[in-house]
Amino acid sequence: MTPEVLVIGAGLAGLTCARALQARGVSCLVLDSAEAVGGRVRTDVVDGYRLDRGFQVLLTAYPAARRWLDLGALRLGEFVSGARVATPEGPGRVGDPWREPGKLLETLRAPVGAVGDKLRVGALRVAVSCGRLETVWERGEGRTAAQELAERGFSPLMVERFLRPWLGGIFLERELTTPAEMLFFVYRMFSEGRAALPAGGMQRIPEQLASKLPAGSLRLESKVEEISPGELRLAGGEILRARHIVVATDVDTAARWLPDRVRPAGWRSVSCVYWAAAESPLRGEPVLWLNGCGHGRVNHLVVPSDVASGYAPAGQTLVSATVLGDPAEDDATLGAQLQDELALHFGPGTRHWRPLGVRRVRRALPVVARPGSGQECEAVAPGLWLCGDHTASASIQGAMASGEAVAGSILRELGV
Ligand SMILES: Cc1cc2nc3c(=O)[nH]c(=O)nc-3n(C[C@H](O)[C@H](O)[C@H](O)COP(=O)(O)OP(=O)(O)OC[C@H]3O[C@@H](n4cnc5c(N)ncnc54)[C@H](O)[C@@H]3O)c2cc1C
């Protein structure tokens, strides 16, 4: 049977679009060149450990995730709020006094910025929490995150020791040239929910979306070569037709097909190094560890097996360290260097960690010059639609919301 809609891309944008259409009875066929769903949200299994292709988290406050995911069924493990921070003066902790008032004193005493900085964090939190979420996209006024932090008076110490590694790990760039809107958005999402990992790895998220699609509505290992309104051609030459075609690919592929409409602005890269360890360097606490020392390669470290079940075989520990960019060294050299670096913080035991692999993601986050909610969307041509994180914000929310918005427009056109 000919579907009403062909969706190209089984990442979070394409899957959410298909899910939203099929929830209202519109038939879709989702095509993806890869052998599994997920796009940039994939998990590899190595010796029983689950290695996400780059460390990433689901923020439970993402509105699109709350609408389209069964968060309970994902059996999320949540990070505690705040972070442990290594500084030249020793370790400290930055907590969220709204969530954990008991940690207020510890946070105020941490060698991470002055008391005024901690009050500024509070002021930022209040500012981003007011009004509808959509308003965060209107407040940047062309500033970068770095400019916004400077304007708000954050001290260089607070920026270097906490904000740069924390936001750098989210934006995948430490200069903080990302538009200020992303700072507001991320801050609001962290204030309203938790950072979490699904039991068994991040790929469970796209898998859950795909599992809700009717049988026969997903074709993997099906690369689309060419598109035109109402028609597409697969790599093998097969032609598929539908009244609506949704391009839910990465930005580079979309730009090849729609050069007048899509202009890629570059990518942020990241590399994640994984080890099996006998015990957790964070002593079992599901917390983010940040390198606020001002030197060293590691930006942040997490122990996924302390956060969610299924990341490591029973009784074992999975450690992951993130380096921004794509280091020149081979995997073995990079891993060994990081083990030496981490020994300075966690003791010589890090040198006994067993390497499990490195995941280099050269095209992790697209540079989005003017991020937005992803809710405004119009057809690129009659029956031809565009979604994906590059059309909204480089995030799970951006991808899902953009897919949902396209589905909404198609439903309106179909009069459903
Ligand atoms: C390492 C890393 C860390 C991240 N951290 C976070 C985080 O902590 N929190 C957060 O919210 N977001 C994070 N993100 C961002 C988030 O994962 C992405 O924004 C989101 O997954 C993008 O989804 P998408 O559907 O727009 O694109 P993609 O996931 O890229 O999906 C596009 C799909 O199109 C398919 N495709 C491409 N070309 C073709 C073709 N010719 N024919 C058929 N199929 C094709 C691809 O195979 C792919 O499956 C991170 C991303 C990475 C990689």
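Annotations for the structure displayed:
Residue by residue, here is whether (1) outside any loop (DSSP other than H, G, I, E, B); (2) hydrophobic (A, V, I, L, M, F, W, C); (3) touching a residue at least 40 places away in the same chain (Cβ under 8 Å); (4) not assigned by TED's automatic domain parsing to the domain that holds F154 holds:
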| residue | (1), (2), (3), (4) |
| --- | --- |
| L15 | yes, yes, yes, yes |
| L21 | yes, yes, yes, yes |
| V30 | yes, yes, yes, yes |
| E35 | no, no, yes, yes |
| Q56 | no, no, yes, yes |
| D70 | no, no, yes, yes |
| P111 | no, no, yes, no |
| V121 | yes, yes, no, no |
| R125 | yes, no, yes, no |
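- Some residue of the stretch 281-289 being in contact with a strand residue (DSSP E or B) (Cβ under 9 Å, 6 or more places away or on another chain), of a type in the set (F, W, Y) and within 25 Å of V94 (Cβ to Cβ): yes
- Enumeration of residues in the stretch 233-248 that are in contact with a Lys or Arg (Cβ under 9 Å, 6 or more places away or on another chain), at pLDDT 95 or above and part of a loop (DSSP other than H, G, I, E, B): A235
- Test: residue in the stretch 363-385 that is of a type in the set (K, R), under 30 Å from S320 (Cα atoms) and surrounded by 18 or more Cβ atoms within 10 Å (Cβ to Cβ): no
- Candidates are the residues of the stretch 37-53 that are within 21 Å of the chain's Cα centre (by Cα) and assigned to a loop (DSSP other than H, G, I, E, B); the one that is farthest from K223 (Cα to Cα) is R53.
- Of the strands (runs of 3 or more DSSP E) lying entirely inside the stretch 261-344, those containing at least 3 residues that are touching a Lys or Arg at 6+ places or on another chain (Cβ under 8 Å), more than 15 Å from L356 (Cβ to Cβ) and hydrophobic (A, V, I, L, M, F, W, C) span 288-291.
- Residue within the stretch 122-140 that is at pLDDT 95 or above and crowded, with 22+ Cβ neighbours inside 10 Å present: no
- Residue match in the stretch 63-75 (condition: more than 14 Å from the ligand (Cβ to nearest atom), under 20 Å from D389 (Cβ atoms) and surrounded by fewer than 15 Cβ atoms within 10 Å (Cβ to Cβ)): yes
- Residue, nearest to the ligand (Cβ to nearest atom), within the stretch 231-247, restricted to residues that are small (G, A, S) and out of contact with any Leu (no Cβ under 8 Å at 6 or more places or on another chain): A235
- Subset of the stretch 149-158 [crowded, with 21+ Cβ neighbours inside 10 Å and part of a helix (DSSP H, G or I)]: L149, M158
- If the condition is being modelled with pLDDT under 95, more than 13 Å from the ligand (Cβ to nearest atom) and under 19 Å from the mean Cα position of the chain (by Cα), then the stretch 249-277 contributes only A265.
- For the stretch 30-62, a residue qualifies if it is of a type in the set (A, V, I, L, M) and either in contact with a His (Cβ under 9 Å, 6 or more places away or on another chain) or within 12 Å of the ligand (Cβ to nearest atom) (or both), and the qualifying residues are V30, L31, A34, A36, V37, V41, L51, V57, L58, L59, A61.
The values are calculated or read from the model by the stated rules, or taken from the named source; none is laboratory data. Predicted model, so just to flag it, every value in this text is computed and none were measured. A quick note on method: Cβ atoms are made from the backbone with ideal geometry, for glycine too, and the neighbour counts reach across all protein chains shown.
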